[in-house]
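The values are calculated or read from the model by the stated rules, or taken from the named source; none is laboratory data. Just so you know, these numbers come straight off a predicted model, no measurement behind them. A quick note on method: Cβ atoms are made from the backbone with ideal geometry, for glycine too, and the neighbour counts reach across all protein chains shown.
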Amino acid sequence: MEPALATRNLTCRYGRTEAVADLTLTVEAGTLFALLGPNGAGKTTTIRTVMNVLRPSSGRASVFGVESTRLGPSELQRIGYVSENQKLPAWMTVGELLAYCRPFYPSWDDALCRKLLTDFDLRTGDRIGRLSRGMRVKAALVSSLAYRPRLLVLDEPFSGLDPVVRDDLVRGVLELAGEERWTVLLSSHDLDEVERLVDVVGFIDAGRLVLGESFANLHARFRRVEVTAGDAHPATPAVVSADWIGMRQAGRVIQFVETRYVPRETVVRATEAFRANQVDVFPMTLREIFVAIVRDRREARP
Amino acid sequence: MLPFSVTIRVGRSLHDQVVFAVTKAIITGQLQPGDAFPSVRSLSQELRINPNTAQKILATLTERRLLEARPGVGTTVAAWRPASTPGRRGVLADHVERLVVESKRLGIDLGDVLDAIRKEWK
């Protein structure tokens with residue numbers, strides 16, 4: 001099965017700055033892939049390169065097996081792309097925008113388009129220039145969902161929007177759920193929203209892929225561990241295991257993140273390492289996992 | 001809207017939370033044999049969850065014989081058989097272990113735990 005989207009040793013430079021460095025990632029068809037990373041990590045540059053808005057400095061990107069620099073109408077008809085600061089013609093009404101887009105897409109579905117307009121509370125007579133940011137994103141999303149794209153690329157779709165608008169957008173995106181081999185590439189900082197939606201997490205930092213793995217796997221192997229040491233003043237824990245990150249201590253309580261959780265074994269190892277009276281293990285949210293990884297990388301930097 | 005009660009919390013397995021909610025709804029009679037069960041698409045939309053997760057939830061519930069797929073009709077709630085299969089006992093053992101560990105940690109003795117279970121059972 002051909003991946004929906006892939007990059008191979010992708011590098012993008014702006015002058016001397018390497019925004020994306022030797023990035024290799026694969027988005028399998030039928031999955032929702034979340035591209036996560038701190039600000040300036042290279043998420044938007046990666047997406048723009050894959051969408052052929054930017055040219056790679058070296059390496060390559062492909063969509064449905066076609067090189068990004070050669071994307072033509074037959075591929076673009078199957079891709080929906082909505083970015084955070086999408087420019088829409090301010091002078092057009094919502095209806096005019098949709099009428100303008102419609103002829104480009106043979107698979108345009110009028111019934112779906114009407115349903116999305118109703119769900120999103122959008123009026124076709126409203127001028128785009130007068131819409132709020134949330135409404136503009138909704139209009140952009142309708143114009144990209146109405147032709148039922150097989151690949152949906154969303155660059156920070158939720159940022160700065162209120163919870164109701166975000167909920168509308170997620171619901172709109174899921175309108176296409178159940179389509180065969182439907183694939184989504186999403187970059188976002190709204191991790192609680194993403195946690196419900198994601199299949200695979202691609203984590204990038206300083207333009208490089210740090211981690212690419214299913215959320216189910218990530219959720220299974222990350223745990224916050226809280227240890228109550230037997231001694232009143234336990235020795236400041238040295239590096240006990242490379243799998244234990246973010247080690248912190250206050251009084252007799254020691255806290256860290258286990259990155260290779262094994263039921264029982266983790267508790268046994270922590271009990272031995274700290275001569276602990278008590279060890280508690282808590283599952284972590286995507287947001288907590290993200291913060292732990294970013295902090296750990298920051299601390300590891302010289 | 002979904003025909004059963006479910007509150008999703010982040011940080012826990014979505015699959016397990018929804019499977020638990022549906023199982024509970026069947027036991028409490030919120031869902032009854034023959035009732036229509038939501039499709040992958042509407043489960044995904046209503047809960048704002050990934051369709052692949054919704055698909056797995058339906059697969060698990062069908063595998064546990066709580067739901068049945070009827071060609072042409074869709075998925076419905078199966079006639080509930082309380083007979084305990086080894087699979088179900090396995091699921092229960094996991095919960096029991098956690099309960100025992102937690103009770104010991106909190107210094108609650110077996111009698112009190114059993115009382116708490118009896119109270120909840122009703």
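Restricting to segment A:132-172, and then to whatever is free of Cβ contacts under 8 Å to residues at least 12 places away in the same chain and within 14 Å of another protein chain (Cβ to nearest Cβ), can you tell me which residue is nearest to residue A:51 (Cα to Cα)? That would be A:167. Within the option set A:264, A:287, A:297, being more than 28 Å from residue A:3 (Cα to Cα) and within 13 Å of chain B (Cβ to nearest Cβ) holds for one residue only, A:264. Just one of the listed residues (B:11, B:29, B:34) is facing chain A (nearest Cβ under 9 Å) and either surrounded by fewer than 16 Cβ atoms within 10 Å (Cβ to Cβ) or touching a His at 6+ places or on another chain (Cβ under 9 Å) (or both), namely B:11.
The set of residues from segment A:235-246 being out of contact with any helix residue (DSSP H, G or I) (no Cβ under 6 Å at 6 or more places or on another chain) and at pLDDT below 90 comprises A:235, A:236, A:237, A:238, A:239, A:241, A:242.
Inspection of segment A:202-225 finds a residue satisfying the criterion of being over 29 Å from residue A:21 (Cβ atoms), away from every other protein chain (no Cβ under 12 Å) and modelled with pLDDT of 85 or more.
Per the listing A:155, A:110, A:168, the residue uniquely touching a strand residue (DSSP E or B) at 6+ places or on another chain (Cβ under 7 Å) and at pLDDT 90 or above is A:155.
Screening the candidates A:24, A:45, A:31, A:17 for the property of being hydroxyl-bearing (Ser, Thr, Tyr) and within 20 Å of residue A:144 (Cα to Cα) yields one hit, A:31. Condition test on residue A:256, is it modelled with pLDDT of 90 or more, more than 14 Å from every other protein chain (Cβ to nearest Cβ) and within 23 Å of residue A:298 (Cβ to Cβ)? Yes, satisfied.
Within the group A:199, A:205, A:231, which residue is within 23 Å of residue A:167 (Cβ to Cβ) and of a type in the set (D, E, K, R)?
Numbers: A:205 fails: within 23 Å of residue A:167 (Cβ to Cβ); A:231 fails: within 23 Å of residue A:167 (Cβ to Cβ).
After ruling out the rest, the residue left standing is A:199.
So, in segment A:123-139, how many residues would count as being aliphatic (A, V, I, L, M) and surrounded by fewer than 21 Cβ atoms within 10 Å (Cβ to Cβ)? Counting residues in segment A:123-139 that are aliphatic (A, V, I, L, M) and surrounded by fewer than 21 Cβ atoms within 10 Å (Cβ to Cβ) gives 3. Of the residues screened, residue B:43 is not one that is more than 7 Å from chain A (Cβ to nearest Cβ), in a loop (DSSP other than H, G, I, E, B), buried (at least 19 other Cβ atoms within 10 Å of the Cβ) and in contact (Cβ under 8 Å) with a residue 24 or more places away in the chain. Cβ separations smaller than 7 Å between residues 6+ apart or across chains give the following pairs from segment A:16-42 residues that are within 14 Å of chain B (Cβ to nearest Cβ) and more than 12 Å from residue A:212 (Cβ to Cβ) to residues that are in a loop (DSSP other than H, G, I, E, B) and modelled with pLDDT of 90 or more: A:29/A:3; A:29/A:4; A:32/A:198; A:32/A:199; A:32/B:50.
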